[in-house]
Amino acid sequence: MGSNKEKIKACKHKIRAISDTMYVLGGKWKMHILVALYFGSKRYSNLLEDVEGISGKMLSRQLKEMETNLLIKRTVMDTRPITVRYELTEYCEKLVPVISNLADWGTAHRAEIRKRSNP
């Protein structure tokens, strides 16, 4: 990789990048919402059903933050009553492999913990 200074610089760069990522994706609910939207666009009420345990107020807050960070798109439909749909943005689609890898790791980790707990 190079000199020790280069390694330190690369390490700090990666840590900064992870901090930025965790700022945007961190918290209890954002990944849950992204996974729900990964399976297709949804109305607010569908998201409330899919993301068990989230309050309406928290869902609204998270959706606004995620829209600000270009992760989701909010579309107001021309219906009566007005319908709002949420979906992943094209920009957010770049996260799909990361989300899939995290889910795969979580499944494997749960199996590993169970295996070690019940020899």
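A few points about this structure:
- Qualifying residue in region 15-34 (condition: within 14 Å of the chain's Cα centre (by Cα) and among the small types (Gly, Ala, Ser)): yes
- Qualifying positions in region 23-36 - open to solvent by 70 Å² or more (accessible area, probe 1.4 Å) and either assigned to a helix (DSSP H, G or I) or touching a Phe, Trp or Tyr at 6+ places or on another chain (Cβ under 6 Å) (or both): Tyr23, His32
- Residue in region 81-90 that is among the basic types (Lys, Arg) and in contact (Cβ under 8 Å) with a residue 40 or more places away in the chain present: yes
- Matching option when the condition is in a helix (DSSP H, G or I), at pLDDT 95 or above, at negative phi and open to solvent by 60 Å² or more (accessible area, probe 1.4 Å), among Glu67, Glu52: Glu67
- For Asp20: the one exception among (1) open to solvent by 90 Å² or more (accessible area, probe 1.4 Å); (2) at pLDDT 95 or above; (3) among the acidic types (Asp, Glu): (2)
- Checklist (1) out of contact with any Lys or Arg (no Cβ under 7 Å at 6 or more places or on another chain); (2) within 21 Å of Ser100 (Cβ to Cβ); (3) surrounded by 16 or more Cβ atoms within 10 Å (Cβ to Cβ) applied to Leu59, failing item: (2)
- Looking only at region 68-95, residues that are touching a strand residue (DSSP E or B) at 6+ places or on another chain (Cβ under 8 Å) and either over 18 Å from Lys28 (Cβ atoms) or aromatic (Phe, Trp, Tyr) (or both) come to 14 in all.
- Residue in region 104-114 that is open to solvent by 80 Å² or more (accessible area, probe 1.4 Å), closer than 21 Å to Trp29 by Cβ, assigned to a helix (DSSP H, G or I) and touching a residue at least 40 places away in the same chain (Cβ under 8 Å) present: no
- Identity of the residue in region 81-102, in a helix (DSSP H, G or I) and open to solvent by less than 60 Å² (accessible area, probe 1.4 Å), that ends up farthest from Thr68 (Cα to Cα): Ser100
- Against the list (1) of a type outside the set (D, E, K, R); (2) assigned to a helix (DSSP H, G or I); (3) open to solvent by less than 70 Å² (accessible area, probe 1.4 Å), the condition Thr75 fails is (2).
- Residue match in region 37-45 (condition: part of a helix (DSSP H, G or I) and out of contact with any strand residue (DSSP E or B) (no Cβ under 7 Å at 6 or more places or on another chain)): yes
The values are calculated or read from the model by the stated rules, or taken from the named source; none is laboratory data. All values derive from a computational prediction rather than experimental measurement. Note that we place each Cβ from the backbone using ideal geometry, even for glycine, and neighbour counts take in every protein chain shown. SASA here: full protein model, heavy atoms, side chains in, ligands and nucleic acids out. Shrake-Rupley method; radii C 1.70, N 1.55, O 1.52, S 1.80 Å.
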